[in-house]
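First comes the structure, then the notes that go with it.
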Amino acid sequence: MLCSYKLWVQASYPPHLKLLNQNSNIPIPKTKTQFQRKSLDGRFDDIDDDADGSGLRKFALPSHVKSITSTSNPFVKHCLKLKNSSSYRHSHASALVVGTTPIREIYRYKESSQEKTEIDCLLLLENAEIPEGLDTHSCHVVRIGSMVMKKLSGVQSAESIEAIALMRFPTSFLNLTVDQNKSDSQSWFPSTHRILVLDGIQDPGNLGTLIRSAMAFQWDGIFLLPGCCDPFNEKALRASRGASFQLPIVSGSWNHLQTLKDTFNMKMLAGHPDIDGKLKKPFSLSQEFVHSVAHVPSCLVLGSEGRGLSEKSQLKCELVSIPMTGKFESLNVSVAGGIFLYMLQPKN
């Protein structure tokens, strides 16, 4: 399934509105959308969607809830919307991480980097043990039935998935089209020696795989140009194995990328097949080329599966191709990206 990466705008309200009527000067106070949640005793409680005034909706599961067995439960519906809707995910700044392994990997990384893991709720299959490595962490644990697990995980055999975590977006994720006050490019990435730039990657499996490979080869971060899939999409998270919560990810425009390039004097490289008739002859990804850029801060741009690099990327970057003796013209972007990321990985 393909998914488009759209602008995510935080909900905001003016402090007061006034009726445009000559005879009326009555202020209309700020209003808040309300959700209803059903407690264990069957009553519904109203929940303000902007309880802390941050502009982000909130949907908190009451602390006394320890078990959910119905797929009609309001909290289950909330989780399903997080899973299926990009705009809903970003309005809540939360995502579902499915599976014990990616949850554990996120925890381990956060511990090693001494960062706080923002987990709102850990959903465990009935009778399942708390996964090793997570049993020492204090978080809200809720037991769920097999039908709920099947619905949330999207896996037919619920027994194969024992844990789902509702996690807040990491502070290392930045959307420059929304966070316009984050104009200082020096704060976007802790280091900028190697940045992977994705140009219109729409397939969530490919995007997640590239993020995971960049993490494995110790690249410094990911920059998403317009047209990319949401990195917190269900399939992207599954393919990244939690790397989306570990590697800094910045979403922005070519103007933002140009600012990053100018600030750190970065070389702009782009993966492109060596096809006759192109205006620019690509460099070959040889050992000689790799050595020539080993100590140069660089961005590597990879294009979409169908259209390849955008025209702007082709004009602004030095093209680099993977030498192939076979007759195929190009490789899948996640396969080609893995080769580029390995060859150009930072040298200790």
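The values are calculated or read from the model by the stated rules, or taken from the named source; none is laboratory data. Predicted model only: the values in this text are computed from it and were never measured. All Cβ positions, even for glycine, are placed from backbone atoms using ideal geometry, and neighbour counts span all protein chains on display. The accessibility values were calculated without ligands, DNA or RNA, using every heavy atom of the protein model including side chains. Shrake-Rupley method; radii C 1.70, N 1.55, O 1.52, S 1.80 Å.
Inspect all residues belonging to segment 200-207 and state whether any of them is touching a Ser or Thr at 6+ places or on another chain (Cβ under 7 Å), part of a strand (DSSP E or B) and either crowded, with 17+ Cβ neighbours inside 10 Å or not assigned by the TED database to the domain that holds residue 336 (or both).
Among the residues of segment 200-207, not one is touching a Ser or Thr at 6+ places or on another chain (Cβ under 7 Å), part of a strand (DSSP E or B) and either crowded, with 17+ Cβ neighbours inside 10 Å or not assigned by the TED database to the domain that holds residue 336 (or both), which makes the answer no.
Which members of segment 190-199 meet the condition of being open to solvent by 20 Å² or more (accessible area, probe 1.4 Å) and among the hydroxyl-bearing types (Ser, Thr, Tyr)?
Within segment 190-199, the subset open to solvent by 20 Å² or more (accessible area, probe 1.4 Å) is 190-191, 193.
If the condition is that a residue be open to solvent by 20 Å² or more (accessible area, probe 1.4 Å) and among the hydroxyl-bearing types (Ser, Thr, Tyr), then 191 is the only one that fits.
Only residues that are of a type in the set (S, T, N, Q) and out of contact with any helix residue (DSSP H, G or I) (no Cβ under 8 Å at 6 or more places or on another chain) were counted in segment 207-233, giving 1. Could you list, in sequence order, the residues of segment 83-95 that are crowded, with 21+ Cβ neighbours inside 10 Å and of a type in the set (A, V, I, L, M)? Matches in segment 83-95: 95 only.
Among the residues making up segment 208-247, those that are open to solvent by 10 Å² or more (accessible area, probe 1.4 Å) and among the charged types (D, E, K, R) are 212, 220, 234, 235, 238, 241.
Scanning segment 162-189 for residues being more than 19 Å from the chain's Cα centre (by Cα) and surrounded by fewer than 19 Cβ atoms within 10 Å (Cβ to Cβ) gives a total of 4.
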